[in-house]
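Step one of this worksheet: look at the structure below.
The values are calculated or read from the model by the stated rules, or taken from the named source; none is laboratory data. None of these values were measured; they are calculated from a predicted model. Because the Cβ atoms are built from the backbone with ideal geometry, glycine has one as well, and the counts that use them run over all protein chains shown.
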Amino acid sequence: MSHSPVRSPRAQAYVGASVIDATGAPPRPDQTLVVIDRTIAAVGPSSQVPIPHGATVHDIRGKYVIPGLTDMHVHSESETDDPRHFASLYIANGVTAVREMWGRPGLHRIRRMIDSGRLLGPRMTIASPLLDGEPALWSDVPESPVVTVSSPEQARRAVPQAIDGGADFIKVYSRLGPEAYRAILAESQRRGIAVAGHRSDRMPFLEQLESGQRSFEHMFGGIWPAASSDVDRLEAAMARIQTTPQFHLGSWIQQVSRIEWDALASHSSTRATSILERMVAADVAYTPTLAVHAFIDRPGAIRADDPRMQYMAPGTPDSWDFLRTHIYCGGGRSKEEADQHRDLNRWRLATVAAMDEAGVRLLAGTDSVGPGLFPGFSLHDELELLVSAGLTPLRALQCATLEPARFLGREQQAGTVEHGRVADLVILDADPLDDIRNTRSIHAVVVDGRHVGQAERQELLATARRIAGGEPGEV
Ligand SMILES: [Zn+2]
């Protein structure tokens, strides 16, 4: 920003709020924030920051400004659906950026619509199609672009193909064998593209951790087999998992859950500490996706009368019910299994707290639009879950702001409320550091410098509701 902030017709001044800039600094009361075009041109005490002549002034005394939120693990709906549905829900919820974890051609088209201003939506980072082993966990889902990679040769083909398809990073999945995995990492490194995704069941976690994979997603198995004093037996058990053709994913989750339960009996906190130290040293990030685990571990948590169902397709409660029973619970859980999952969920939270304490970079991600998850809304659940795990509200906020920006190499452009950063902001009615649930009390959202006030926010929600209900939304 070199031009003078004087007399710009596109200047917006936000006056009087407390700014929580997400750098780690304490909140600053009574600030004036000047946005010119897409950029934060000034932020500081209201007594010191002049309001540019001709600026639109927003009196937001008593409000709280935080950076726009990023959901680092999403699967936005398929390309045949109306993209305004999820785009509206993200923006209405203050989610101004997302990392798409499963690349599809339609997502690239949607990103172009957003970037060119034809669609109001979040900034997108888009994965390659899933690269998985044989049989792939999603191979029984029709029309899913999964690339099966069983050999180094296939890996060397799959990586450049993904790059040609426009992928920002390579997504690796749970069933990759060691040779294919290593070849994917080597080929990606050679071509300068990052790799992120699941841990592979078929190789030692510590090797993966130090292989160059940049983020690990979900807590299926997670660090636990490696953190057990019985590591060799448990990692061998992970490697031996065989899925059934009826429900690859469902049978996989069931077997992983048993190994998790087994691993907890021989959990070694000394080993866990050393793994976390190595995660920090390798500078890998972890996206625990606690929101999806909450649904899997405690399936009663989401109810058909949840008010957010109005933004989802009419059959959603039934389809979630079906998925919960047949996929996540493998046809139903015994009382004993249900109890185990409740305990496992407590362990997931405790593990996330330990990661944070050790200095592991945590990313807030939900896995929406999977079962039990509502695009945009669920990121606020994830923040709440991170705090219930033991993070401070500020740390939780950073997992959705500063940390994603750093992870994506955009820390000079985004992620904090500072001079020169892109103007992605959420203005809240109440203090999120007081109670993280206050991130839901959204007064306004600023996306790429564009002010989305309460009336427009309500319109976005109405559009999403109409599209979910099968009516064509209004442009
Ligand atoms: Zn996912």
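Just one of the listed residues (ASP431, ASP424) is in contact with a helix residue (DSSP H, G or I) (Cβ under 8 Å, 6 or more places away or on another chain) and in the same structural domain as ARG61 (by TED's automatic domain parsing), and it is ASP431.
Within the range 443-465, the set of residues being over 24 Å from the mean Cα position of the chain (by Cα) and either modelled with pLDDT under 95 or acidic (Asp, Glu) (or both) comprises GLU456, GLU459. For MET113, the requirement of being surrounded by fewer than 22 Cβ atoms within 10 Å (Cβ to Cβ), closer than 28 Å to THR416 by Cβ and either of a type in the set (A, V, I, L, M, F, W, C) or in contact with a Ser or Thr (Cβ under 8 Å, 6 or more places away or on another chain) (or both) is met.
For the range 396-410, a residue qualifies if it is over 13 Å from the mean Cα position of the chain (by Cα) and not in a helix (DSSP H, G or I), and the qualifying residues are GLY409, ARG410.
Residue by residue through the range 380-405, note down the ones that are in contact with a Gly (Cβ under 8 Å, 6 or more places away or on another chain), farther than 13 Å from PRO432 by Cα and not hydroxyl-bearing (Ser, Thr, Tyr). Explain how you work it out, then say what you get.
Step one: of the range 380-405, the residues in contact with a Gly (Cβ under 8 Å, 6 or more places away or on another chain) are 382, 394, 398, 401-405.
Now restrict to residues that are farther than 13 Å from PRO432 by Cα: 382, 401-405.
The answer is GLU382, LEU402, GLU403, PRO404, ALA405.
Taken over the range 207-218, residues that are away from the ligand (no atom under 12 Å from the Cβ) and in a loop (DSSP other than H, G, I, E, B) amount to 5.
Taking the range 331-364 as the range and being surrounded by 19 or more Cβ atoms within 10 Å (Cβ to Cβ) and outside any helix (DSSP H, G or I) as the test, the residues that pass are VAL360, ARG361, LEU362, LEU363, ALA364. Looking across the range 136-161 at every residue that is acidic (Asp, Glu) and part of a loop (DSSP other than H, G, I, E, B), the one that is surrounded by the fewest Cβ atoms within 10 Å (Cβ to Cβ) is identified as GLU143. Note on the range 358-368: residues that are within 12 Å of the ligand (Cβ to nearest atom), of a type in the set (Gly, Ala, Ser) and out of contact with any Lys or Arg (no Cβ under 9 Å at 6 or more places or on another chain) total 1. Restricting the range 86-135 to residues that are assigned to a helix (DSSP H, G or I) and aromatic (Phe, Trp, Tyr) leaves a set whose member that is nearest to the chain's Cα centre (by Cα) is TYR90.
Among the residues of the range 121-161, write down those that are of a type outside the set (Lys, Arg), in contact with an Asp or Glu (Cβ under 9 Å, 6 or more places away or on another chain) and under 21 Å from PRO375 (Cβ atoms).
Applying the first criterion (of a type outside the set (Lys, Arg)) to the range 121-161 yields 121-122, 124-155, 158-161.
If we keep only those that are in contact with an Asp or Glu (Cβ under 9 Å, 6 or more places away or on another chain) too, we end up with 122, 124-128, 133, 138-139, 146-152, 155, 158-160.
Passing the criteria: PRO122, MET124, THR125, ILE126, ALA127, TRP138.
Please determine whether any residue of the range 172-180 is of a type in the set (Lys, Arg) and surrounded by 23 or more Cβ atoms within 10 Å (Cβ to Cβ). Among the residues of the range 172-180, at least one is of a type in the set (Lys, Arg) and surrounded by 23 or more Cβ atoms within 10 Å (Cβ to Cβ), which makes the answer yes. Pairs meeting the criteria (first residue in the range 369-380 and not assigned by TED's automatic domain parsing to the domain that holds TYR311, second residue of a type in the set (Gly, Ala, Ser) and within 14 Å of the ligand (Cβ to nearest atom), beta carbons under 8 Å, at least 6 apart or on different chains) are lacking. Assessment of the range 376-386 against the conditions (of a type outside the set (D, E, K, R) and surrounded by fewer than 21 Cβ atoms within 10 Å (Cβ to Cβ)) yields no matching residue. Restricting attention to the range 58-85 and to residues that are under 16 Å from the mean Cα position of the chain (by Cα) and at pLDDT 95 or above, the residue that is farthest from ILE126 (Cα to Cα) turns out to be PRO67. Within the range 369-381, the set of residues being within 13 Å of the ligand (Cβ to nearest atom) and either among the hydroxyl-bearing types (Ser, Thr, Tyr) or under 10 Å from LEU290 (Cβ atoms) (or both) comprises just one member, SER378.
Residue selection: GLY372 fails the criterion of being modelled with pLDDT of 95 or more and part of a loop (DSSP other than H, G, I, E, B). Here are THR96, THR70, THR56: which of them is surrounded by fewer than 24 Cβ atoms within 10 Å (Cβ to Cβ), among the hydroxyl-bearing types (Ser, Thr, Tyr) and either more than 16 Å from the ligand (Cβ to nearest atom) or under 23 Å from VAL445 (Cα atoms) (or both)? That would be THR56, the only listed residue that is surrounded by fewer than 24 Cβ atoms within 10 Å (Cβ to Cβ), among the hydroxyl-bearing types (Ser, Thr, Tyr) and either more than 16 Å from the ligand (Cβ to nearest atom) or under 23 Å from VAL445 (Cα atoms) (or both). Pairs linking a residue in the range 41-68 that is in contact (Cβ under 8 Å) with a residue 12 or more places away in the chain and over 26 Å from ALA97 (Cα atoms) to a residue that is among the basic types (Lys, Arg) and part of a strand (DSSP E or B), with Cβ atoms under 9 Å and 6 or more positions apart or on different chains, are PRO45/ARG28. Of all residues in the range 162-190, those satisfying the criterion of being charged (D, E, K, R) and outside any helix (DSSP H, G or I) are ASP168, LYS171, ARG175.
Does THR351 fit the bill of being within 16 Å of the ligand (Cβ to nearest atom), hydroxyl-bearing (Ser, Thr, Tyr) and within 21 Å of MET72 (Cα to Cα)? Considered against the rule, which asks whether it is within 16 Å of the ligand (Cβ to nearest atom), hydroxyl-bearing (Ser, Thr, Tyr) and within 21 Å of MET72 (Cα to Cα), THR351 comes out as no.
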